[in-house]
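Encoded as structure tokens, the structure appears first; notes follow it.
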Amino acid sequence: MFRPALFTLATVVSFAARAEPISVVDDAGRTVTLAAPARRIVSLAPSTTELIYAAGAGAYVAGTSSYTDYPPEAKAVPQVGDAAMINMERIVSLKPDLIVVWSHVDSAAVLEKLKVFGIPVYYSEPRKIVDIAKSLTDLGTLAGTNEAAARAANDLRERREKLHARYAGRPPIRVFYQVWERPLMTVNGQQMISDAIALCGGVNIFGDLAPTVPTVNREAVVAANPDVIVTFNGEGEDGLAGWKSLTTLNAATWGNLVPLSTPTLGRPSPRFLDGAENLCVELDRARERRGAAAK
Amino acid sequence: MDSPQRQAYAAHRMTHPERRARPEATSAPDDSAPYRPAGFARAVAVWTVLLACALAAVFVALLLGSSDIGIGDSLAALVSPGDSLAGAAVYQLRLPRTLAAFGTGGLLAVAGCLMQVLLRNPLADPYILGLSSGAAVGALGAMLFGAGLVAVTFGAAAGALASSLLVFVLANRDLARLHISTTVVDSPRLILTGVMLAAGWGAVVTLILVLAPERNLRGMLFWAMGDLGGVERWWPALAALALIVAAAMPLLRQFNVLLRGDAVAATLGVRVPALKRFIFVAASIATAVAVTTAGTIGFVGLVVPHALRLLVGNDQRVLLPACAIAGGGLLVVADTAARTIVDPLQLPVGVVTAFIGVPAFLSLLLRTR
């Protein structure tokens, strides 16, 4: 029922633009081809919404997901639910010409259904900080905002380079990154937060574990005895209180139980660099405290 | 001298001569001897064996841990902790966690035993009346308002107690009523009230998870699977366990009579409504403390009472204290396995209790037929 209409629409648009088809390879290794730059984009995660806006294609966002909070103007865009509960009719009624998905979501069944409507899907799943730049340029290509996207991507690479030049060579500091206190969760080396830790000259003590977000036991942390324990506390929380009483823990005795002030390390978007900068500064302070304690 | 229990047994023997063959009836003391619980020596023997096993489990739990800290180091640290890494691991991490595990496991098994007596239903477990989902609603509700860990724990306790209070008020008539019929399940209204409330709480949990601005599924994991890693205080569970067992001890003979049905128990001089209320309140407090300490750990409360029933019989005087010891021991073993098998990773303890308990229980069931 929709297919002929969409087909006609696509034909008309492609004739009007008379452009070469646009094609990029996404993070799932699939080739995404558009006949013309995307003008009605539906984004299914807060992070991909941020990426699209940063790539200069904010004006073409027709739908976003639940929990969209940045940039502020994105909050005014109609929402189509989140990865767990996508409102299919809402998506289709928005007549999107591109759907952008953070592939870390279990929405495969829903996306299968979307195929029926012939809407192209772009998967963005950056693993390293530089992969964010790839997502930015891809999205810029798909939306025809190549220049803005290239600027954003370059800006991101430069900020990363600057941090790398300044901090990556400093004396290594062993880091336990606490994602969650109860149960105690951390990240392994595949997770982007580990990339930020390495960028700041830190070593993730659980980098070798197999799960991306492993649940570890407290004793393993005490035995590994990291130089610093880092977390992001929610409102009114003190997730690090449990470590304070452990006198054999260097991080506790050196005052290296560090709450981060930026929540953006949880989100693979250009704002991730804000979090990384904050992390580098905090790790460097922790390094100084370690040095002072050693004297 | 002329205790309700003796009257009960005397009356019971007169009204149910055919049941004389049962162990309880035959082992009941004759009227001339001073009263002593049936098989007291055997009960003490059962408890001693279980306690020895539990203590061994605690000892092993203190020695095993991270692969970076050897058993020898742990043993040395156990004797003289000093300021060593092993000392900190044994006394600051393993000991509180093990004690909390023992208390929680004991509470769950006792609560399960009490619920099975109260509802006279073999499928009854500590969570059957909706207490754990009530706790989850309280905890998630607190998280929804951005509360910290302390407030979330408090929310869980409040949710659990509010949930059981609601069951109590709604089903109070049922607790107070005597069910004359002994042919059908005796407490349909109480159990249905609880199960309905559990379903309602479950829906509220789902609703919160869908509507919450930040879907913190990781925090939710704790309330769904249980975890002893983040235990802050070890003593509430142990203290609650000791108090509840102590309070129940003098009443256990009446529990035995209650199992014969409300009408029989009432005829034999048991104040059935008061006794049922006591069981309900004790089981609720036990479960609430356990859930607040370690989240919802399944299996222990259902299977420990049944397994012990197969081993030592259904005399509540032996069974209930045995549940407290064996439940605690089982959870200590399970928690030790959960934190050491895939070290430094940690398994959900509820999975381990099931892996240990299901084969053990089934083999017991097959052997005793």
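Remarks
- Shielding by other protein chains, A:243-254, mean Cβ within 10 Å: 2
- Computed over chain A: relative contact order in percent, which uses C-alpha pairs under 8 Å that are six or more apart: 14
- Debye intensity ratio in log₁₀ form over the Cα atoms of the protein assembly as shown, taken at each q of 0.06, 0.09, 0.11 Å⁻¹: -0.46, -0.87, -1.10
- Inter-label distance for B:A246 and A:R285, nm, one decimal - labels placed 7 Å from Cα along Cα-to-Cβ: 4.8
- When only alpha carbons of the range B:209-339 are considered, Rg and Dmax amount to 17.7, 58 Å.
- Rounded to 10°, Cα long-axis angle of helix A:272-294 versus longest principal axis of chain A: 10
- Dividing the helix sum by the residues of the protein assembly as shown, where each DSSP H run of 4 or more adds -39500 (n - 2.57), gives a mean residue ellipticity at 222 nm of -18500 deg cm²/dmol.
- Over all pairs of different C-alpha atoms, chain A has a mean inverse distance whose reciprocal, the Kirkwood radius, equals 20.7 Å.
- For the range B:94-128, the residues whose backbone nitrogen is under 20 Å from a point 7 Å from the Cα of B:I71, taken along Cα to Cβ, are B:94-95, B:98.
- Legend: mean number of C-beta atoms from other chains within 10 angstrom of residue C-beta atoms, peptide B:89-98, equals 3.
- Stretching B:S80 away from B:A274 to a fully extended chain increases their span by 64.8 nm, per 0.36 nm per residue minus the current alpha-carbon distance.
- The angle between the Cα long axis of helix A:129-143 and the longest principal axis of the Cα atoms of chain A comes to about 10 degrees, rounded to the nearest 10.
- All other residues whose Cβ lies under 12 angstrom from that of A:P96 are scored, Lys and Arg at +1 and Asp and Glu at -1, for a net of +3.
- Dividing the Cα radius of gyration of the range A:163-294 by its Kirkwood radius returns 0.93 for Rg/Rh.
- Long-range Cα-Cα pairs in the range B:320-369 (distance over 17 Å), rounded percent: 45
- Average beta carbon contacts from partner chains per residue of B:333-341, 10 Å cutoff: 1
- All Cα-Cα distances of the range B:282-369, cut into 5 Å bins from zero to the largest, leave 3, 13, 22, 24, 19, 12, 6, 2, 0 percent in each bin in turn.
- Highest mean first, the peptides B:271-281, B:149-159, A:166-176 sorted by other C-beta atoms within 10 Å per residue fall in the order B:149-159, B:271-281, A:166-176.
- Residues A:E158 and B:V150, FRET efficiency given R0 of 45 Å [Cβ-Cβ distance, rounded to 0.05]: 0.55
- Count Lys and Arg as plus one, Asp and Glu as minus one, and take only other residues whose Cβ is under 14 Å from that of B:A100; the net charge is then +3.
- Using only alpha-carbon positions in the range B:274-320, the gyration tensor eigenvalues give semi-axes of 21, 17, 7 Å once each is multiplied by 5 and square-rooted (largest first).
- Peptide ranges A:279-287, B:56-64 listed from the most packed, as the mean C-beta count within 10 angstrom indicates: A:279-287, B:56-64
- Using a cut-off of 21 Å between Cα atoms, the listed pairs A:K95/A:K115; A:K75/A:K128; A:K134/A:K162 include A:K75/A:K128 as exceeding that distance.
- Here the convex hull built on the C-alpha positions of the range B:37-368 has a volume of 141 cubic angstrom per residue.
- Here the simple spin-label model places points 7 Å from the Cα toward Cβ, and for A:A294 and A:E147 these points are separated by 5.1 nm.
- In a DSSP loop and with at most 15 other Cβ atoms within 10 Å, the GluC sites (Glu not before Pro) in the range A:177-277 are A:E235.
Each reported figure results from applying straightforward, stated rules to the coordinates on display, with no laboratory input. Just so it is clear, the structure is predicted and the values come from calculations on it, not from any experiment. Counting neighbours? That spans all protein chains shown, and the Cβs are built from the backbone with ideal geometry, glycine included.
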